[in-house]
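**Q** Quick one: the structure is below, questions incoming.
What follows is calculated from the coordinates using simple rules that are stated; it is not laboratory data. None of these values were measured; they are calculated from a predicted model. Cβ coordinates were reconstructed from backbone atoms using ideal geometry, including for glycine residues, and neighbour counts include every protein chain displayed.
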Amino acid sequence: MKVARVLAAVLALAIAAPACGGITVEEYFAELQRFRVDFKARGDELTATMQSDVQAATSEDAAIELLRAFFQDLSTVLGDAIDDLSSLDPPSEVKDAHDQYVATLEKTQDEIDGILEDFDQLTPEEIGNVFASPEFTDIQSQAQEACRSLQAVADDNAIEIDLECED
């Protein structure tokens, strides 16, 4: 499902580390790996719950309200990720890619919040196609570019991590 792919792309790296400063590249990626596993589980659970709840909804109105709740939860998850990533003081080797990734999360949260502001004016079809919009496609591309940049730094430093970046 497109929702799951976009969530995976946007959230794959999201919770990188608690507040810390002056860390090495190795420490950065160790924190990144530890938190991305936990965060992926959080995103997967959010998506699975939304999908099963919407399928079980007894009316279109109920399904739409469940989607509204999903977007609200997604905005919260993204806000948490932004806060966590922003508190990290990345080493210079990853700073540009790190900053680019934080920017993609901020753009994603802005898009989600815009959807929530306009939610009552959207048709069910428009709500269902949110993740196929040009805005989300562009953000997903930017997130993957940042992911590939982070993966390249890890590879250049012989750090064994697979960020699961899409090509």
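**Q** Which whole-number percent is the relative contact order of region 2-156 (Cα, under 8 Å, 6+ apart)? Present the calculation step by step, with values, prior to reporting the outcome.
**A** Values: 163 pairs, mean separation 50.7, N = 155.
Relative CO of region 2-156 lands at 33 percent.
**Q** Another one. Ranked highest first by average number of other Cβ atoms within 10 Å, how do 69-80, 35-46 line up?
**A** Values: 69-80: 17.5, 35-46: 15.9.
Averaged packing, sorted descending, gives the order 69-80, 35-46.
**Q** Restricting to DSSP H runs of at least four residues, report the calculated mean residue ellipticity at 222 nm for the chain, -39500 (n - 2.57) per run over all residues, nearest 500 deg cm²/dmol.
**A** Details: 6 runs with 125 residues, N = 167.
Here the helix-only value at 222 nm equals -26000 deg cm²/dmol.
**Q** Mind giving me the FRET efficiency for T137 and E65? R0 is 45 Å, r the Cβ-Cβ distance, nearest 0.05 is fine. Walk me through the numbers on the way to the answer.
**A** On the way: r = 27 Å, r/R0 = 0.59.
The calculated FRET efficiency here is 0.95.
**Q** Residue by residue, what Karplus-based ³J(HN,Hα) values in Hz, rounded to whole numbers, does region 96-110 have, using 6.51, -1.76 and 1.60 with θ = phi - 60° and x for Gly and Pro?
**A** 4, 5, 4, 4, 4, 5, 4, 4, 5, 5, 5, 5, 4, 4, 4
**Q** Something else: For an R0 of 22 angstrom, estimate the FRET efficiency from the Cβ-Cβ distance between V54 and E164 and round to the nearest 0.05. Intermediate results must be reported in sequence, preceding the final value.
**A** Numbers: r = 26 Å, r/R0 = 1.18.
So the FRET efficiency works out to roughly 0.25.
**Q** If you put +1 on each Lys and Arg Cβ and -1 on each Asp and Glu Cβ, how big is the dipole of the chain around its Cα centre, in Debye rounded to 20? Write down the numbers at each step before the final one.
**A** Numbers: 10 positive and 37 negative charges, 61 e Å.
It comes to approximately 300 debye.
**Q** While we're looking at this one, here's another question. When the C-alpha atoms of the chain are aligned to their principal axes, what extent does each axis show, in angstrom, from largest down?
**A** Between the extreme Cα coordinates on each principal axis of the chain lie 53, 28, 26 Å.
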